[in-house]
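Here is the structure we will look at, set down as structure tokens.
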Amino acid sequence: MTATWLRWTPAVAVPAVIAAGVLAGSLPASARDPLPEKTPAQVLAMIGQHQTKSFSGTVEQSSELGLPDVPQVGPTSGAGTGSLAELLTGPHSARVYVDGLTKARIQVMDRMAERDAVRQGNELWLYNSKDNTATHVTLPAAASKEPHSHDMPAGVATPEELAAKMLDKLDGSTDVAVAGDIEVAGRTAYNLVLTPRSGVTLVGSVAVAVDGENGMPLSVEVRARGQQEPAFRTAFSNLTLGAPDASLFNFSPPPGALVKELAVPAKPRGTKDLADKNRTDRNLGSKDPANKDAANKDLRGHAPTVTGSGWERIVGIPAPSVSAPPASPESGKQSVDRLLNDPLLRQATVTVEGGRAISTSLVNVLLTDDGRTFVGSVPLERLQAAAAAR
């Protein structure tokens, strides 16, 4: 779901990718009642088969990533996204209400304000009480058919969303085990532990608490290599199964709020269109190899790149000027400068060879001088090598 929203709003792609790469949750130490013994494969199957679509609860998130914990000094930026550095430092609490794939409300309680993301059907509202601003988005019709399409960019992810990201890395590079039962939000859960076999990744282990009754992820924890305490954690502190009150999914901007309408294309611009064009050229038997090479190069310029696999995967995001409309005057460097207008994000970066970097215990981010971004749970030198190879 976060990935879906990123496609629609590339202006916040970098903060969301960073957040998605490091968020995780911690687990209580013990459980009350023993669960039937299950293998890792059986617990994974429980996650994949769970049908918990309606619930409400409170999600607690905290981090120890090594970023500076500096108070917010101005209005948060972006359509309800808030300050990236503020989200990744200190504790945060969110109330979550979900009823199916197309009804959701997430209320993030900040230090002196509240951020809301409310979806009902294809209508999405993002509201920030700090500056009394609201953004309204009409989502494409296809969004209602996408898995996890109720997830929204409110700044705190649910354990299910983070578990999906971590389990996506499962392959031969990961040891999977089931540790002792634990208790989360008053519910007994299996403790599924993922341990990367890679000696390169910054991630030491990931633990997912899986509800022993319905298979719903209740908590996710990520520890950095060589550290005993979790580097980032998120977990339900309370959870109620069943449909929340329907009125919670109604939203009207408060009096005096500045309302912005955000237009969303029915499909991402650029990549798919170019793919369709290339497919058409092949079907028509284009006789001009130069045109084919230009189209393929253009397609590669619009799409993110992936180097490596599993826990050593590096995602490269092209400079916004590459995929922006031709009339856009913004250069790659100007785009990076715009991102660094966030004072906390700017303080978190350091100058390195080839650009600026954000380094945490779990993930590194390289913002190159030409506006590209490279993200991975690997040492910074790996990101610099990936950037130099492109």
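A few remarks follow.
- Taking Lys and Arg as +1 and Asp and Glu as -1, the other residues whose beta-carbon sits under 11 Å from that of S377 total +3.
- Charge tally for E221 (other residues, Cβ to Cβ under 11 Å; Lys, Arg +1; Asp, Glu -1): +1.
- Heavy-atom SASA rank of V315, V350, V222 (probe 1.4 Å, accessible area, largest first): V350, V315, V222
- Over 26 Å apart at the Cα level, from the set K130/K169; K103/K169; K53/K165, are K130/K169; K103/K169.
- Around A387: net Lys/Arg minus Asp/Glu count, Cβ-Cβ under 14 Å: 0
- Only the Cβ atoms of Lys and Arg (+1) and of Asp and Glu (-1) were treated as charged; on that basis the dipole of region 155-224 about its Cα centre amounts to roughly 260 debye.
- Between T138 and Q42, full extension at 0.36 nm per residue minus the direct alpha carbon distance yields a gain of 30.6 nm.
The values are calculated or read from the model by the stated rules, or taken from the named source; none is laboratory data. In this text the structure is predicted, and so the values were computed from the model without any measurement. Here the Cβ is made from the backbone with ideal geometry for all residues, glycine too, and neighbour counts use every protein chain on show. Ligands, DNA and RNA are stripped out before the accessible areas are found, and what is left, the full protein with its side chains, is counted by its heavy atoms. Shrake-Rupley method; radii C 1.70, N 1.55, O 1.52, S 1.80 Å.
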